[in-house]
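Engineer: Take this structure, written in structure tokens, and hold onto it; I'll ask about it next.
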Amino acid sequence: LSVGLPANLKQSFPPVVDELLQAVKKQGNIPGEIQAKAEPVVNALVPTLKGGELDLGMAMVGPDKDNHYTLVAGLRLVDGRKVESAVKDIVRKELPPEFSGLVKFDEEKLAGGSGLHTVKIADQIDEKGQKVIGKSDLYFAFRDDLLVLAAGPGARDAIKRAIASKPADVGVFN
């Protein structure tokens with residue numbers, strides 16, 4: 001899915017994002033403590049929001065020999081390394097240990113210096129979910145322009161391929 005504003009609207013879009021974020025802070029009925037904890041991640045995402053483009057891709061690959069599928073999703077980011085840093089900080093500093101303990105950062109180094117991160121959810125997946133993706137953890141990695149998430153038997157390999165790939169224009173779907 002790729003959605004973008006026309007060039008003339010992109011120039012006027014950043015102030016709209018600023019106004020929207022201010023309105024959510026004031027009228028969003030979000031407790032101040034949660035706002036304060038989430039603010040670094042929100043601030044890291046602001047350049048992506050202000051860019052006036054949404055590029056999101058999703059795929060379901062398979063089945064493998066055990067009849068399981070790999071789910072992969074990617075989101076184009078601006079300043080993805082800043083988003084990654086903010087996510088790491090909030091997980092390490094703000095989440096309770098029962099949740100933060102499920103997240104393992106930089107378990108493997110990938111192309112371009114990206115780290116492969118893991119959320120240990122394999123034991124949390126119900127029977128229906130296991131029929132689709134097997135007993136899999138959730139993996140994710142960042143580049144400066146990309147966030148990729150994957151789960152399923154081929155998740156690690158799918159993330160490695162995505163992180164090593166180069167951005168390309170695939171044209172318009174007719």
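The values are calculated or read from the model by the stated rules, or taken from the named source; none is laboratory data. Treat the numbers as computed from the prediction; the structure is a model and nothing was measured. Glycine gets a Cβ as well: all are built from the backbone with ideal geometry, and neighbour counts include every protein chain shown. Note: accessible area is taken over every heavy atom of the protein model, side chains too, but ligands, DNA and RNA are not part of it. Shrake-Rupley method; radii C 1.70, N 1.55, O 1.52, S 1.80 Å.
Engineer: If a residue counts only when it is in contact (Cβ under 8 Å) with a residue 40 or more places away in the chain, which helices (runs of 4 or more DSSP H) contained entirely in the range 91-174 have at least 2 such residues?
Structural biologist: Helices (runs of 4 or more DSSP H) meeting the threshold: 127-133, 155-164.
Engineer: Given the conditions (1) out of contact with any Pro (no Cβ under 6 Å at 6 or more places or on another chain); (2) in contact (Cβ under 8 Å) with a residue 12 or more places away in the chain, and given that His68 satisfies all but one, which numbered condition is not satisfied?
Structural biologist: (1)
Engineer: Could you tell me whether any residue of the range 76-94 is among the hydroxyl-bearing types (Ser, Thr, Tyr) and more than 30 Å from Asp157 (Cβ to Cβ)?
Structural biologist: Looking through the range 76-94, none of the residues is among the hydroxyl-bearing types (Ser, Thr, Tyr) and more than 30 Å from Asp157 (Cβ to Cβ).
Engineer: Kindly indicate the residue of the range 25-54 that is over 16 Å from Asp79 (Cα atoms) and open to solvent by 80 Å² or more (accessible area, probe 1.4 Å) and also nearest to the chain's Cα centre (by Cα) among those meeting that condition.
Structural biologist: Among those residues, the one meeting the criterion is Ile34.
Engineer: Please list, ordered by first then second residue, the pairs with beta carbon atoms under 8 Å, 6 or more apart or interchain, first in the range 13-27 and within 18 Å of Lys37 (Cα to Cα), second among the aliphatic types (A, V, I, L, M) and in a helix (DSSP H, G or I).
Structural biologist: As it stands, the answer is Leu21/Val42; Leu21/Val46, since those pairs meet every condition given.
Engineer: May I ask you to list the residues in the range 116-151 that are surrounded by fewer than 17 Cβ atoms within 10 Å (Cβ to Cβ) and within 16 Å of Lys88 (Cα to Cα)?
Structural biologist: Lys120, Asp144
Engineer: Just to confirm my filter: which helices (runs of 4 or more DSSP H) fall fully inside the range 1-90 and include at least 2 residues that are of a type outside the set (Ser, Thr, Tyr) and touching a His at 6+ places or on another chain (Cβ under 7 Å)?
Structural biologist: Per the criteria, no element qualifies.
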